[in-house]
Amino acid sequence: MVIPEAARDAIDAAIGRYPEPRAALLPALHIVQRELGCVPLEAARELAAIFAVAPVEVLELLSFYNLFRVEPGGRHRVNVCTNLPCSLRGARALLRGLEAHLGVAAGETTRDGRITLGHEECLGACAWAPMLRIDGDYHENLDLEDAKRLLDGLE
């Protein structure tokens, strides 16, 4: 088994909070990712068995929501919003500048394992574009120098 016992207990508790067990699948994915750092394919298969669904149904969720990873990434996950409002205010240039600064392309992890850089379509903060998210925290109204300082400050 890939899913640790403590995570399985948390998943069982989540299932108990919903009238339909399948409704706990998203919380279960969060539990597994928090415990393992990602949701590897074997864990996805285990979740499919727990929830009595086809493995492809778990994989569909993993591929639809960009907050889940199927492979380990860096200690910090940095995503630049590249939706239209952010792009119009310089987000794509910001992303290119961060790629050059870190020496990786979007979707890659720095050699030291510190940062996985990516982009996502919308973070829902268009009024404060351009912006990025670091490990779930929003940083808004950025220019390249501000963003580089943020990333350089990550351990």
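Computed from the coordinates by the stated procedures, all read-outs in this text should not be read as laboratory data. If you're wondering where the values come from, they're calculated on a predicted model, not measured in any experiment. So basically every Cβ, Gly included, is an ideal-geometry build from the backbone, and we count neighbours across all protein chains shown.
With the helix formula -39500 (n - 2.57) applied to DSSP H stretches of n ≥ 4, the chain reaches a computed 222 nm mean residue ellipticity of -13500 deg cm²/dmol. Would you please give the residues with an amide H less than 5 Å from that of residue 119, counting only those at least 5 places away or on a separate chain, with H modeled from the backbone geometry? Sorted by chain and number, the residues that satisfy this are 80, 107.
Mean-square fluctuations from a GNM of the chain, with a 10 angstrom spring cutoff on Cα atoms, peak among 120, 71, 20 at 20. Note on the stretch 76-152: antiparallel DSSP beta bridges, both residues inside, total approximately 55 percent of the bridges counted. Rounded to the nearest 5, the antiparallel percentage of DSSP beta bridges internal to the chain is 55%.
In terms of its C-alpha gyration tensor, the stretch 5-64 has an oblate overall shape, because the principal axis ratio a/c (a ≥ b ≥ c, square roots of the eigenvalues) is not below 1.5 and a/b does not outweigh b/c. Summing Lys and Arg as +1 and Asp and Glu as -1 over all other residues whose Cβ lies under 14 Å from the Cβ of residue 111 gives a net charge of -1.
Residues 96, 77, ranked from the fewest to the most other C-beta atoms within 10 Å, line up as 96, 77.
Separation of the stretch 25-81 and the stretch 93-155, taken as the distance between their Cα centroids, equals 22 angstrom.
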